[in-house]
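We did not get these values from a lab; they are worked out from the coordinates using the rules stated. No experiment lies behind these values; they were computed from the predicted model shown. Note that we place each Cβ from the backbone using ideal geometry, even for glycine, and neighbour counts take in every protein chain shown.
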Amino acid sequence: MALALIRRVPIEPKFDFLRLRKAFLVFSTLLVLLSVGLFFGVGLNFGVDFRGGIMLDVQTKGPADLSSVRSRLGGLGLGDVTVQTFGADDNILINVERQTGEEEAQAVAIAAIKAALDDTAARYNRVEFVGPKVGDELKRAGVLATVLALLGIAVYIWFRFEWHFGLAALVALAHDVVATVGFYAVTQIEFNLATLAAVLTIAGYSINDTVVLFDRVRETLRKYKKLDLQAVLNMSINRTLSRTLLTSVTTLLALVALFVFGGQVIRGFTSGLIWGVVIGTYSSIGIAVPLLVYTNLRSTMIATEEEEQA
């Protein structure tokens, strides 16, 4: 019923997106510069996965008194200690900086923490220690995975379409990744392996929107070979706009539900994805397609490719 009603809506968007391409590019450039500045100026709030240290997931005997826990642990002389609720009121997450020394020093610190929380803790769900060497290796691996993923996607687009599309897709994807890193820098949400997975997921979601748009652009170029390129690009965006917005909105509804009801464990992941869906949808329309104007894409190139394949 709902689908039938949607199909009957007599609306065919005719927005002139390409007229705003310079505004889009200026906004995106400022966003990227701001994100880079935040990354180097403020930095990311790296979790234990990347910076190394001790993490304890503690179930308390009642609603946690965070100020009391911070006071107790602050008096142990363990350095930087952060305490926060983790989902329920009786579940807390404790992060402690790596202690000077080898594993024995970390074990001593963990024993001291457990002694300080003896009358508060009901159960220790997780007790983890990550050394600085492992943290550095994970950082390098994370950066390498992100770069290789972006390059792999760009190469696929290059062969799937033409180099013009591959270049535009790579710029749009880099924009999404940098903007997402800036989001984590400004919000100071803990950046760990889960949030890194969110960054890569955003790249995959964004390229899905971009491929749909590029496919429509190529189809329209084949059909209207004498039409002005900007008119072709506007037509392609408008004809896929309802699909793009419906996909984004339904995805956002699911992510918002996970953000609200999923608990603290996945909140950093879902908040990054919410931002990523919004910025990825924008970049497909406002960055990837308009960039085709500056790569001098022409319908004759599509025709030549078809002739070669034939």
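Worth a mention:
- Cβ-derived FRET efficiency at R0 30 Å, S68 paired with E103, nearest 0.05: 0.55
- The magnitude of the dipole of the chain, with charges of +1 and -1 set on the Cβ of Lys/Arg and Asp/Glu and taken from the Cα centre, is near 1320 debye.
- Model label points for V32 and D90, set 7 angstrom from Cα along the Cα-to-Cβ axis, are 5.1 nm apart.
- The percentage of C-alpha pairs in the range 42-127 whose separation is greater than 19 Å is 34%.
- In terms of packing, defined here as the mean over residues of other Cβ atoms within 10 angstrom, the peptides 171-184, 109-122 line up highest first as 171-184, 109-122.
- Global geometry of the range 146-282, whether rounded, prolate or oblate, following the gyration tensor of its Cα atoms and the 1.5 cut on a/c: prolate
- The dipole here belongs to the range 186-259: it is taken about the Cα centre, uses +1 on the Cβ of Lys and Arg and -1 on the Cβ of Asp and Glu, and is about 580 debye.
- Peptides 88-98, 202-212, 37-47 ranked from most to least packed by the mean count of surrounding Cβ atoms within 10 Å: 202-212, 88-98, 37-47.
- Dimensions of the range 93-177 along the principal axes, based on C-alpha atoms and rounded to the nearest Å, stand at 65, 28, 17, largest first.
- Considering only V32, L200, V217, the residue lying farthest towards the positive end of the dipole of the chain is V217, judged by Cα position with unit charges set on Cβ.
- Normalised by the number of residues in the chain, the mean separation of alpha-carbon contacts (under 8 Å, six or more apart) gives a relative contact order of 24 percent.
- Note on the chain: dipole from Cβ charges, positive end direction compared against V293, L78, F129; the farthest Cα belongs to V293.
- Distant alpha-carbon pairs in the chain (separation over 27 angstrom), percent: 54
- Rounded to the nearest 20 debye, dipole of the range 53-130 from Cβ charges on Lys, Arg, Asp, Glu: 140
- Working from label points 7 Å from Cα in the Cα-to-Cβ sense, the R243 to V260 distance is 3.0 nm.
- Once the Cα atoms are used to define both axes, helix 193-223 deviates from the longest principal axis of the chain by about 0 degrees.
- The angle between the Cα long axis of helix 299-309 and the longest principal axis of the Cα atoms of the chain comes to about 90 degrees, rounded to the nearest 10.
- Stokes-Einstein D in µm²/s, Kirkwood radius over Cα pairs - the range 171-227 at 37 °C with 0.692 mPa s viscosity: 248
- The lysine pair count for the chain, using Cα distances under 22 Å and pairs eight or more places apart or on different chains, is 5.
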